[in-house]
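Engineer: Have a look at this one before I ask anything.
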Amino acid sequence: MDLIVLGGAGLIGSEVVRDLAATSTFSRVVVADADMSRAESLVSSLEDSRFRAFPLEVEDERALLRLIGEFPLVCNCLPFKYDTYVTEMALKAGVNGIDIGATAEQLKMHERFEEAGLTFVVCCGISPGVTNMIARYALDRCDELRDVHIAFASYRALATAPGLVHTTTWEVDPQETGRMYLKDGQYHRVPPFSGPKTVHFPHPIGPQETYYVPHSEVFTIPRSFPSVRSVSVRGTWTPKVRSYLRFLHEFGFFTAGKVRVGDAMIEPMEFMERFVFSSKVLAEEEIWGFGLVVEIQAMQGGQPLTLSFYTTHPPEDAWGIPGAYSKNTGLPMSVGTQMLAAGVSTRGVVSPDMCFEASFFFNELKKRGLVLNERSGHLDLEP
């Protein structure tokens, strides 16, 4: 099968591509990226004739539609602002697809994809993605899920990639209306830096204060598991990034109007997101990695059961920088892409827990060094 990877030379996309080169059986993989120099350098480093670089004009709808229409499967690693757009293009082109994140608009396309006999998998990174699959893994071994509470620690330098800078600032934007948690079947909208909770992440991150963030699991997990009545997602960042985000929030950068600088009118947040890449301080961090903890309340044999999962991965001296962070998202995306290519029976716009087998998924991640662990010991999960 042939595959196209959109944004394949980016921070996350390049990890997907490298893993596909090492583990997949695709006959042809096109790495499409706006930065052809970077794409060609990546493809050259693979020394694999199945891979080739191609220039991506993502804003040109006709060109994009024509390009992805040449492939039976599209893997989208572009910044999340393109998620809905790429999904629409996949539907128009009549191809299956997979994405790292999910938007409400994507989920609304479910019936259209189902009617077309197509599958588009959303949420196939670490969070969302691995988080959804942990819920599936738990339900496969229990009778019913009641509560799912997720916490992540995103440890990387802020000045890593423009798309990730925007994603991070979006998580604390007070204008974002999707920052919610579900409790007893009711959604509650909350402001940035609310719901503080100390979560114990694996070494070297350790205990950190986390806060509600606008992540899609709050909507996709109840969609997949109707018995779930409460879902929350909290996140945190390195102390340096946390301090920067609090500064933006507390001094009103998100809501301030344009500011005149000389003859130009400048959006404060647009300036700050560009300023990040001129700061040596924001280009460095002592610890790189990703911490994930998922707490689940389930029922087994009529009795309540508390499950606590967490992931571990090699440190930066093994996975490198930024790999110690980016592989956590790239590897699940590669595994999901290969599982989708192998064939699934589910049609529509679905999260991975609706179409992938959980044990196989986690075994594949374990082969790559990303390991699911269980603190509670109820399910005999081997590290």
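Engineer: Please enumerate the residues belonging to region 231-251 that are open to solvent by 10 Å² or more (accessible area, probe 1.4 Å), touching a residue at least 60 places away in the same chain (Cβ under 8 Å) and not in a helix (DSSP H, G or I).
Structural biologist: 234
Engineer: Something else about it: Looking at (1) open to solvent by 20 Å² or more (accessible area, probe 1.4 Å); (2) more than 21 Å from residue 101 (Cα to Cα), which one does residue 11 not meet, given that it meets all the others?
Structural biologist: (2)
Engineer: Please report, ordered by residue number, the helices (runs of 4 or more DSSP H) entirely within region 88-180 with at least 2 residues that are within 25 Å of residue 370 (Cβ to Cβ) and small (Gly, Ala, Ser).
Structural biologist: Result: 130-139.
Table: residues versus (1) touching a residue at least 40 places away in the same chain (Cβ under 8 Å); (2) within 20 Å of residue 106 (Cα to Cα); (3) in contact with an Asp or Glu (Cβ under 9 Å, 6 or more places away or on another chain).
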site	(1), (2), (3)
169	yes, no, yes
173	yes, no, no
179	no, yes, yes
189	no, no, no
194	no, no, no
210	yes, no, no
223	yes, yes, no
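Engineer: If you don't mind, another one. Is it true that some residue in region 85-98 is closer than 15 Å to residue 167 by Cα and in contact with a helix residue (DSSP H, G or I) (Cβ under 8 Å, 6 or more places away or on another chain)?
Structural biologist: No, every residue in region 85-98 fails to be closer than 15 Å to residue 167 by Cα and in contact with a helix residue (DSSP H, G or I) (Cβ under 8 Å, 6 or more places away or on another chain).
Engineer: Which one is farthest from residue 127 (Cα to Cα) among residues in region 201-230 that are open to solvent by less than 20 Å² (accessible area, probe 1.4 Å) and in a strand (DSSP E or B)?
Structural biologist: That would be 230.
Engineer: Going by the structure shown, is residue 111 surrounded by fewer than 18 Cβ atoms within 10 Å (Cβ to Cβ) and free of Cβ contacts under 8 Å to residues at least 40 places away in the same chain?
Structural biologist: So residue 111 fails the test.
Engineer: Output the residue which, of all residues in region 326-365 that are of a type in the set (Ser, Thr, Tyr) and open to solvent by less than 30 Å² (accessible area, probe 1.4 Å), is farthest from the chain's Cα centre (by Cα).
Structural biologist: 337
The values are calculated or read from the model by the stated rules, or taken from the named source; none is laboratory data. Everything quoted here is computed from the prediction, not taken from an experiment. Glycine gets a Cβ as well: all are built from the backbone with ideal geometry, and neighbour counts include every protein chain shown. Quick note on the areas: whole protein, heavy atoms, side chains included, nothing else; ligands and nucleic acids left out. Shrake-Rupley method; radii C 1.70, N 1.55, O 1.52, S 1.80 Å.
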